[in-house]
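The values are calculated or read from the model by the stated rules, or taken from the named source; none is laboratory data. Here the structure is a predicted model, which is why all the values come from computation and not from measurement. Quick reminder, even Gly has a Cβ in these numbers, built from the backbone with ideal geometry, and neighbours come from all protein chains shown.
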Amino acid sequence: MKILRRFLTRLKNFATGQRDDQRLREEIGEHLALQTAENLRAGMPPAEARRQAVLKFGAVGTIREDYHAEQGFPLIETLLHDVRYALRLFAKSPGFAAVAILTIALGIGATTAIFSVVDATLIHALSYPHPEQLVRIEDDLPGAGAREVGISIPEFKDLQRSGIFQYVALVGGGSVNLTGSSQPARVAFLSVTPNYSTMLGVKPELGRWFDPDDQTPGFTLDALISDGLWKQAFGGDPHILGRSLRLDNDLYRVIGVMPAGFHDPGRTTEQRNTEVWLATGFAGAPAPPPLRNSRLVLAVVARLKPGLTVAAAQSQLDALVASLQKQFPDDYPLQSAWRVRLVPLKESVVGNVRESLVLLLGAVGLVLLIGCVNVANLMLARASARGREMAVRQALGAARKRLVRQLLTESLLLSLLGGIAGLAILFGTRGFLLRMIPESLPRLNDISINWSVMLFALAATLVAGTIFGLAPALQASRLDLTHMLRLEGRGSKGSTEQARTRRVLVITEFALSLVLMVAAGLLLRSFWDLFKVRLGFNPQHVMAVRLWLPVPNDPTTDIYGTSAQEAPFLRELLRLSGTLPGVEEAALGSSAAIPLNHDRNRFPLILEGREMQNKQQPLIEVRDVTPGYFHLLEIPLLRGRLLRDLDDEKAPQVAVINEAMARTYWPDADPLGKRLKVRPAKPEWITVVGVIADARTESLAGASVPQLYQSAYQTREKELAIFLRGQLNAAALPAQVREQVQSVDPELPVFGAQTLDDVLSASLSQRRFSMEIVALFAVTALLLAGLGIYGTISFLVSERTHEIGVRLALGAQRGKILEIVLCQGLKLAISGAALGLAGALILSHLMAGLLYGVRPTDPLTFVCVTLVLTVVALVACYIPARRAMRVDPLVALRYE
Amino acid sequence: MKRKTDVQQGTLALMVLRTLDVLGPQHGYGIARRIEQISGDLLVVNQGTLYPILLKLEHEGAIASEWGASENNRRARFYRLTQVGRKQLQTETQDWEQTTAIIARFFEAKAEDLS
């Protein structure tokens, strides 16, 4: 009660700014008068009586301060006072304030930008309830040299019964033709087991999900669509439920719409942007019979039982695998070493970008730190100019704590202004920055400046303000009073301690920038090596356009059901493509044949004469192409012959293999004439007729993988690509291709037109992104470090003007003066570089996974970076050094 | 040498209340003087520190003040105890007595009492 009353009175005083100074003054006066009278009565002389009264009363200043503190809220009042004072100071030296605020703004802005990406991608990677329980299940056959071979239906049932998981869901997918709307479209779809939605904890925003107990063989004829598809293709029709949807000629019924923010946790951008969900048990047509060794290449996503760690689940799973191997020795031969791995879902979504993002966050953190060091340097320079002010204030009785607080208020205010400016810049450039991010980044759409990002910005701002404010504040308050005051008019002369602090700051800056520059250098070299890698094919002037032949579940509606039906269409398509303007060469192939596009098209490989050796066949990448493909991409033939037009649907099945495949499966024999099968259902053997050179069509960084090329006329590939070479008009061509394709079959969607140069640069985009950003940061750091050393050396020179004057007067050579100053700068740079090299070695080993072709200790990078840094330091020192050299001894000495 | 005691704010406030209770309305100097007399040389306190405490007590509503004329006929601020202050003094006196009684008992206790 009394606390409240006291608080209210103080609040009233504070709000009205009312100060009863007069009352205290009168009371003090009266008090002293009474005490003096008392002392007089005791027989003191008048002057002494007065003196004793004052002494007894105590220090009026302190009492008045206490009294004032009682009247209002002293903490807030001093804070406001300090803020007002600081703002006045900034207004008085706008140059300093602008530079400091801008430095911090850029630092905070950049750090917050990177953090917002990290926040969306790494911290909130999975927007599902209890994301830590979600895992991906991968089957490997290390003995057969195969990874991620997929799961068979009996194995799926084993996993469901194992007691390790709450849910095990199978997720397959791809793309289908959506027809019926204005333009046939190709949409990404997922076929999932019905427990998918409960596992991910998602409910449709409209309608219902599939019946979880659905045991329909094959596909149910129900579909859910994404919010995006609903709004785009159906105009957000409120009566969408029950409408029919034609996917690859099959008729589906829409039973629900998924919520807007929902994305499948898939690995590819395409899968994350799924538009249609279908349900299937993967048993019954069109799925193959559920045999143990009939592996479906599917993603298996599961939710662990609550409380179970991934490691514990893995050990239970290992036991299960061991017992199954014993139970079914024929299906799991020991030499294939079947193994089932659990990968945390988060890992599988963000795994490949985590290292890059952490590196970027680290790099931007270093830039912010360097920015702080620079501002600290600026503040120190100002502090030395304000040394006298501080000294006088301390001499007048200002407490040291109070001075530190005031200086910290100044630096925090600077940093807050910087932080606000930084966020403003970030908001302003948001759209531009988002476009810089490579599209392959998971959860790109979820990057936003939300509360946690703002909180991070605030924390970074406060930390930054404290970092760059503390050293100057402590320094300024630890002045040697007598020394400072004795210096009379030359208040700008800082103490040796201050000079030392500035040197330490510059060394820190150099060390930090060296670390950043080494990181940038290594990334640059990796990128360059990848860029210069021998591709093995020629991407120039080539464009690939995709089209998709429908695969209806009902075989009677499939007009491209057999190769005899499909081949004439392909021939017509190829003929028409050759007539397009600018086209010199044309070829067709499966979309997996587009280099570097990450489409997988793997089939189990059965070698003639070795089929019984190994029940778990290795998987091999298969491409279906027309004969012109190799010439078009300039992939050279090594042995045998290429595919020919005569290798058509009526001719015996033939294949061309790459060198890696020849090396892997016939290390000591000639592969020509050997026979094999890749699609187990087909009875005919395929004869190897040629070996082509390896090309980096799978990935730029990876080694070549075994590949097999079949004639497109002999297979029934549905996911097709048209390859065109020539002087192409990349803007007009896609529409022209579509027109031609649809002149043959108007139901076919044509999409995904890309030049191979674009494909190539897209496959480098993530590396390019991290390289560019780190390089940008490194250059910024270098600039800041250069400015830092320039400022410090200038300061030291101006400090030593007098000394230099004396030296010159005593006959020192001007060249010698230059040398002394340069040496001073160089010493700083070298100390910084030495520290930085140690840091860079640690960092470069941590980022080894991001490098390609260079070792983390790459001497060239380290030497070059050190040289660049030294040169920058020398240039930065040269300007003040020249000034030192030109000191006029007369002028310098006249100051005395 | 006998150490002179530093006085805590709360104790000083209690002394102020007690002084006003016994002597009726007083100005600042009168209160200071009285506290000095009673505590003797043991308590050395700058008289000025009294004024922030007086203001605090007034904010809390324990005392009220108004201008009046002092002994030498000058304007002085006179403080008097309010109803709230009287109650506060009562409870604080009780608390204080209780505390000292407990502490005193501890000092009187002998080893055999504690066994």
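Side notes on the structure shown:
- When each of A:SER226, A:SER197 is tested for being closer than 26 Å to A:PHE751 by Cα, among the hydroxyl-bearing types (Ser, Thr, Tyr) and buried (at least 20 other Cβ atoms within 10 Å of the Cβ), the lone residue that passes is A:SER226.
- Test: A:ILE842 is modelled with pLDDT of 85 or more and closer than 30 Å to A:LYS532 by Cα: yes
- Within the range B:16-35, the set of residues being more than 14 Å from every other protein chain (Cβ to nearest Cβ), outside any loop (DSSP other than H, G, I, E, B) and either surrounded by fewer than 20 Cβ atoms within 10 Å (Cβ to Cβ) or at pLDDT below 85 (or both) comprises B:ARG18, B:ASP21, B:VAL22, B:LEU23.
- Condition check for A:LEU505: touching a Phe, Trp or Tyr at 6+ places or on another chain (Cβ under 9 Å), over 30 Å from A:VAL187 (Cβ atoms), outside the structural domain of A:THR626 (by TED's automatic domain parsing) and assigned to a helix (DSSP H, G or I): no
- The set of residues in the range A:22-56 that are more than 9 Å from chain B (Cβ to nearest Cβ) and either in contact (Cβ under 8 Å) with a residue 24 or more places away in the chain or assigned to a loop (DSSP other than H, G, I, E, B) (or both) comprises A:ALA42, A:GLY43, A:MET44, A:PRO45.
- The range A:63-107, residues that are part of a helix (DSSP H, G or I) and within 14 Å of another protein chain (Cβ to nearest Cβ): A:ILE63, A:ARG64, A:GLU65, A:ASP66, A:TYR67, A:HIS68, A:ALA69, A:GLU70, A:GLN71, A:PRO74
Yes/no per residue for (1) within 37 Å of the chain's Cα centre (by Cα); (2) surrounded by 22 or more Cβ atoms within 10 Å (Cβ to Cβ); (3) not assigned by TED's automatic domain parsing to the domain that holds A:LEU296:
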| residue | (1), (2), (3) |
| --- | --- |
| A:GLN710 | no, yes, yes |
| A:ALA721 | yes, yes, yes |
| A:GLN754 | yes, no, yes |
| A:ILE773 | yes, yes, yes |
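- Filtering the range B:16-63 to residues that are of a type in the set (Asp, Glu) and in contact with a Lys or Arg (Cβ under 8 Å, 6 or more places away or on another chain) leaves B:ASP21, B:ASP41, B:GLU60.
- Here A:ARG295 meets each of (1) basic (Lys, Arg); (2) surrounded by fewer than 21 Cβ atoms within 10 Å (Cβ to Cβ); (3) touching a residue at least 60 places away in the same chain (Cβ under 8 Å) with one exception, condition (2).
- Pick from the range A:523-574, criterion among the β-branched types (Val, Ile, Thr) and out of contact with any helix residue (DSSP H, G or I) (no Cβ under 7 Å at 6 or more places or on another chain), ranking: surrounded by the fewest Cβ atoms within 10 Å (Cβ to Cβ): A:THR556
- Residue match in the range A:70-89 (condition: closer than 30 Å to A:GLN314 by Cα and either buried (at least 16 other Cβ atoms within 10 Å of the Cβ) or free of Cβ contacts under 8 Å to residues at least 12 places away in the same chain (or both)): no
- Filter result (of a type in the set (S, T, N, Q) and either in contact (Cβ under 8 Å) with a residue 60 or more places away in the chain or under 20 Å from A:SER526 (Cβ atoms) (or both)) within the range A:805-853: A:SER831, A:SER844
- Flag: A:PHE537 does not match the condition of being assigned by TED's automatic domain parsing to the domain that holds A:PRO859 and either touching a Gly at 6+ places or on another chain (Cβ under 7 Å) or outside any strand (DSSP E or B) (or both).
- Among residues that are more than 25 Å from A:LEU700 (Cα to Cα) and surrounded by fewer than 21 Cβ atoms within 10 Å (Cβ to Cβ), A:PHE603 is not included.
- Residues being within 21 Å of A:SER590 (Cβ to Cβ) and assigned to a helix (DSSP H, G or I) are entirely absent from the range A:674-696.
- The number of residues in the range B:36-59 being facing another protein chain (nearest Cβ under 9 Å) and either in a strand (DSSP E or B) or more than 15 Å from the chain's Cα centre (by Cα) (or both) comes to 1.
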